[in-house]
Amino acid sequence: METPSSHIVVRTPVIDAIGELYAAHGLARKCVLLFDGNTRRLFGDRILESLQRQGFQTRELVVPARETSKSLPSAWKLYGAMIEADVDRSWNLLCVGGGVVGDLGGYIAASYYRGIPVVQLPTTLLAMTDSSIGGKVAINHPLGKNLIGFFHLPELVLIDPSFLRSLPSREIYGGMAEVVKYGFISDRSFFDFLNEHFDEVVGLREPYLTEAVSRSAFTKAEVVEKDFRETTGLRATLNFGHTFAHGLEKLAEYRNLRHGEAVTIGMVCALFLSKRLGFLPEPELAEGLGLMRRFRFPGGVVDRRFLAHGSDAIFESMFSDKKKIDRKLRFVLLDRIGHAFLHGEDVKNAEVTGAIDDARAWFSNRK
């Protein structure tokens, strides 16, 4: 049986090998391409020309490059365009973009004709290392993010690190939140690699960039393979920092704070909560915060938007998180760097708001 990791290809240039990769995975050369406005402008002509040279039949769809595209109205419009273009079960959907395109396209592929194959071609660091892998696809609801969706594994994840050169530094730092996460939750040696080569990775220097992308992607695929439907708690560890992050994103109305930025803040909160509850020793907290201090978002935008909200408001907003059960928040915590666990017991509200206050003080004072 093929595993999630067997579907991942990291190569530059990856698009020129797409015909042979499709053939190897039994995919027809009949492809609907979903872009956002930015990826269509940056990569669309090159990708379409390459596909046509390789004998593909193509249709293209474009959505606005914003989080609000992950909605039922957007999906409904795309369904109509595909029906009008006579797209049937013999076609597949190729998602070219970041998390919005990947999630929206995966949701459409999972539901159109009761399911057609989806291929992910991520163009952001966050998508290459997290959202394109693992088959969790969803759209947002006004009351919460990613609440409506499916498990629908991609047939292929085609990763070309050279695409990252089109991104501003804010996007790179946002993606690094997910990269760093893997060091925290499952791989101390990767944490040490990132601590040593953080500047080279965010500077997109090789071979450090491809090493970081590959190790992140395959780490996630390995976790997904062991706990695809999140039944044992292992896959839940991938959400380190995300319970806090989703509350922050909701407060920002999914517009003013990007996902990776919110995860950066969320991981700092989770580090402090791990220490407050007696799991993470002080020296390891200091090490973790030392790596988080390397994140430098342009203009201090992330720090300001976090500090604009009080801990009580953030805490209440966290209850929109889809991972809560019976209105009880679940937290992924660390007992050491490189090992995370899902904390299934109730955590006192004061401990959670205290961890948020600790993080607010840290962001206020960090140099």
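Only the coordinates and a few stated rules stand behind these numbers; no lab work does. Just so it is clear, the structure is predicted and the values come from calculations on it, not from any experiment. Cβ coordinates were reconstructed from backbone atoms using ideal geometry, including for glycine residues, and neighbour counts include every protein chain displayed.
Label zone of R293 (point 7 Å out along Cα→Cβ, amide N under 19 Å): in region 348-367 this covers 358-367. Legend: ranking of residues S364, S71 from fewest to most surrounding C-beta atoms inside 10 Å; resulting order S364, S71. The longest stretch of the chain left intact once loop-based GluC sites (Glu not before Pro) with at most 14 other Cβ atoms within 10 Å are removed from consideration, loops following DSSP, is 3-252. In the elastic network of the chain, a GNM with C-alpha springs shorter than 10 Å, the most mobile of F184, F315, F240 is F315. Set the bar at 29 Å for Cα to Cα. Now go through K30/K77; K77/K328; K226/K348; K77/K145; K226/K328; K30/K250 and name every pair that lies beyond it. Going by Cα-Cα distance, K77/K328; K226/K348; K30/K250 fall outside the 29 Å limit. Helix 242-251 axis versus longest C-alpha principal axis of the chain: approximately 80°, rounded to the nearest ten. Close amide-amide hydrogen proximity is noted between V62 and F35, each under 5 Å apart and 5 or more residues distant or on a separate chain (H modeled in the peptide plane; Pro and chain starts excluded).
Here K275 is the anchor, and the aspartates and glutamates within straight C-alpha reach of less than 13 Å, apart from those fewer than 8 places off in the same chain, are E284, E287, D335, E351, D358. Between the helical axis of 349-365 and the longest alpha-carbon principal axis of the chain there is an angle of about 80 degrees. When the chain is treated as a GNM with alpha-carbon contacts under 10 Å, the residue of A85, A177, A109 showing the greatest mean-square fluctuation is A85.
Within the chain, DSSP assigns beta bridges of which about 35% are antiparallel (rounded to the nearest 5).
Sorted ascending by nearby beta carbons within 10 Å, beginning with the fewest, C269, C31 become C31, C269. Estimated from helical segments only, the mean residue ellipticity of the chain at 222 nm is -14000 deg cm²/dmol, where each DSSP H run of four or more residues counts as -39500 (n - 2.57). Remark: the Cα gyration tensor places region 4-165 in the rounded category, a/c being less than 1.5. For region 327-361 and region 176-225, what is the separation of their Cα centres, given in Å? Using only Cα atoms to place each centre, the spacing works out to 23 Å. By the count of other C-beta atoms within 10 Å, a proxy for reagent exposure, S50, S169 are ordered fewest to most as S169, S50. When the chain is treated as a Gaussian network with alpha carbon springs shorter than 10 Å, the biggest mean-square fluctuation among I133, I108, I116 belongs to I116.
Using a simple spin-label model with pseudo-atoms 7 Å out from Cα toward Cβ, E345 and A28 lie 5.6 nm apart. Angle, helix 259-276 long axis vs. longest principal axis of the chain, Cα atoms, 0 to 90°, nearest 10? Taking the Cα atoms of the chain, the angle to 259-276 is about 30 degrees.
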